[in-house]
1. Amide H to amide H, which residues 5 or more places from I4 or on other chains are under 5 Å from it, using H placed in the peptide plane?
2. Using the crude model of +1 on Lys and Arg Cβ and -1 on Asp and Glu Cβ, and no other charge, please compute the dipole size for the chain relative to its Cα centre, in debye to 20.
3. Per residue Cα convex hull volume for the range 1-87, in cubic angstrom?
4. So what is the calculated 222 nm ellipticity per residue for the chain, using -39500 (n - 2.57) for each DSSP H run with n of 4 or more, over all residues, to the nearest 500 deg cm²/dmol?
5. Kindly write out, for the range 285-297 in residue order, the coupling ³J(HN,Hα) from the Karplus curve 6.51 cos²θ - 1.76 cosθ + 1.60 (θ = phi - 60°), rounded to whole Hz, with x marking Gly and Pro.
6. Counting pairs of alpha carbon atoms under 8 Å apart in space and at least six apart in sequence, what relative contact order in percent does the range 183-258 give?
7. For the range 154-308, what does the equivalent ellipsoid look like in terms of its semi-axes, each the square root of 5 times an eigenvalue of the Cα gyration tensor, given largest first in whole Å?
8. Let's test this: bin the Cα-Cα distances of the range 215-302 at 5 Å from zero up to the farthest pair and state each bin's percent.
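Quick note: the coordinates plus some simple rules give every number you see, no bench work behind them. All values derive from a computational prediction rather than experimental measurement. Note that we place each Cβ from the backbone using ideal geometry, even for glycine, and neighbour counts take in every protein chain shown.
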Amino acid sequence: MTDIHLVIVGYGNVARRFVSLLGELGGTLARDHGIAARVIATAARRDGYRYGERTVDARSTLQFLRMALSKSVAAARQGRLVVIETTTLDVTRGEPAISHIRTALAGGAHVITANKGPVAFAYRSLTRAAARAGRQFLFEGAVMDGIPIFNLVRETLPAINVIGFRGVVNSTTNFMLTAMEHGEPFDAALAEMQARGIAEADPSLDVDGWDAAAKSAALANVLLDARITPHQVERHGLTAESGRRAAAALAAGRRLKLVARARTDGRNVVARVGCEELPAADLLAGVEGHHNALVLQTDLLEEIAIVQRGGGLTATAYALVSDLVTIARATAPARRSTPARRSP
């Protein structure tokens, strides 16, 4: 059994659901994966800093994180310390999440994040930092919640080159376009997504296309070996005029979707986010409401599509659990399999 210590930075809704999910899946994780995980420290914007049962006075999250790492040296040396980074996306520079991750890796911890910013702004340098530290940096929850996009390519597509992708990757704008097709006003559609807790805390990140641009940069950096940030993604979001366009497209037997796409162009990667009218037969045209889909374009297997018919807190929290299992598999000593009993 591997006793994993968790330090959670950004103890909001996703992190809290992750902790409750660990409790629900505790028996399965122990039995099937040899994992016993416990939270030893949390850093929350509203609730402050806690280490064990004590509230800690710290000037900043970075100071608290360094303190927590210094108190967990034994677990870090044994590869049993994991920092879970779930702070809010900063679309300007990806901070302070990038600094949190660098500090955690330097302190000997593995890192799991659901924040797309670090992958969109600093994927290459953070991957190098993880390699130097002999630790893992995982981020399955950064795009499409718990759907295994990065694991799919890394673990199951050896010798395949992904040369491009296109997808509907922002739940809020897809729901809004679906609602506006049928005459719902722009503001009312956005308000419903905010009420459900699906829209970003700053809804302009969704509506203006920044969330989709950050996901596009993250996907391009990991899957296409790009070196881009969200600011290098051509970006066109939704406006009140998008509702009229969506209704007109539906009347013509087509669908208006906010499509994120990228493709290798020689040595460069070109990425774009914007509304596109799609034929009704296009897989992305059939993605309704707050559902998402991604189509990977490959050199040998042509197109591979994955559709997410759902999402939300549990899906994102599950991605954190999935990455935790990946770390445990890679770091734990080989487990002996129990020989099957022969029938008498």
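1. Those lying under 5 Å, H to H, from I4 are A36, A37, R38.
2. Values: 41 positive and 33 negative charges, 347 e Å.
In total the dipole reaches around 1660 debye.
3. Working: hull volume 8.0 nm³, N = 87.
Enclosed volume per residue, from the Cα hull, is 92 Å³.
4. On the way: 13 runs with 142 residues, N = 344.
The helix contribution divided over the chain gives -12500 deg cm²/dmol.
5. Whole-Hz 3J(HN,Hα) from phi for the range 285-297: 5, x, 7, 9, x, 9, 7, 10, 7, 9, 10, 8, 9.
6. Numbers: 55 pairs, mean separation 20.9, N = 76.
Normalised by residue count, the contact order of the range 183-258 is 27 percent.
7. Values: eigenvalues 148, 58, 36 Å².
Here the semi-axes work out to 27, 17, 13 Å.
8. Once binned at 5 Å, the Cα pair distances of the range 215-302 give 3, 13, 21, 21, 18, 14, 8, 3, 0.
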